[in-house]
């Protein structure tokens, strides 16, 4: 799988991220690091502990990383989660929001791993 195909698999715009980052090698380098980025795991842990403030920080970090890498589908889900947690309380629909983030995270990582395997 090429990097362009990887971005298409994720429903993202490779051309946009390439324009911002400048070099295909740079995009590939940081994209390959994404599965090890800790924000998603921190978000899940914080929500499991009922810690809305830590969950907000993790969701906000995940959103930022996604926006920098052009991972728009996951970034949109992380953005919804961020806004829902902004008030410092766990919203009633936090489970549905986490399901959306989780599904998009798994899809994103799956596409990235397929790209990394060639």
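What follows draws every value from the coordinates through simple rules; no lab data is involved. Note that the structure is a prediction, hence the values are computed from the model and not measured. Cβ: placed from backbone, ideal geometry, glycine included. Neighbour counts: every protein chain shown.
Could you work out the percent of alpha carbon pairs in the range 64-117 separated by over 12 Å, rounded to a whole number?
66
Note the full-extension length gain between residue 110 and residue 29 as 0.36 nm times their separation in residues minus their Cα-Cα distance, in nm to one decimal.
27.5 nm
Using a Gaussian network model of the chain whose springs link C-alpha atoms within less than 10 Å, name the residue from 74, 98, 89 with the highest mean-square fluctuation.
Per the Cα network of the chain with a 10 Å cutoff, 89 tops the list.
When the chain is fully extended, how far beyond the present Cα-Cα distance does residue 19 get from residue 86, taking 0.36 nm per residue of separation?
21.0 nm
Given springs between every Cα pair under 10 Å in a Gaussian network model of the chain, which of 28, 78, 92 has the largest fluctuation?
Looking only at 28, 78, 92, the biggest GNM fluctuation is shown by 92.
How high is the relative contact order of the range 11-66, in percent, counting Cα pairs under 8 Å that sit 6 or more residues apart?
Computed value for the range 11-66: 24 percent relative contact order.
Which value, in Å³ per residue, describes the convex hull spanned by the Cα atoms of the chain?
83
In whole angstrom, note down how far apart the Cα centers of the range 17-51 and the range 63-118 are.
10
How far apart, in nanometres, would the label points at residue 1 and residue 49 be if each is projected 7 angstrom from Cα along the Cα-to-Cβ direction?
3.2
Order these peptides, 104-113, 42-51, 63-72, by their mean beta-carbon neighbour count within 10 angstrom, highest first.
Output ranking for 104-113, 42-51, 63-72: 63-72, 104-113, 42-51.
Note down the relative contact order for the chain as a percent, whole number, built from C-alpha pairs under 8 angstrom at least six residues apart.
33
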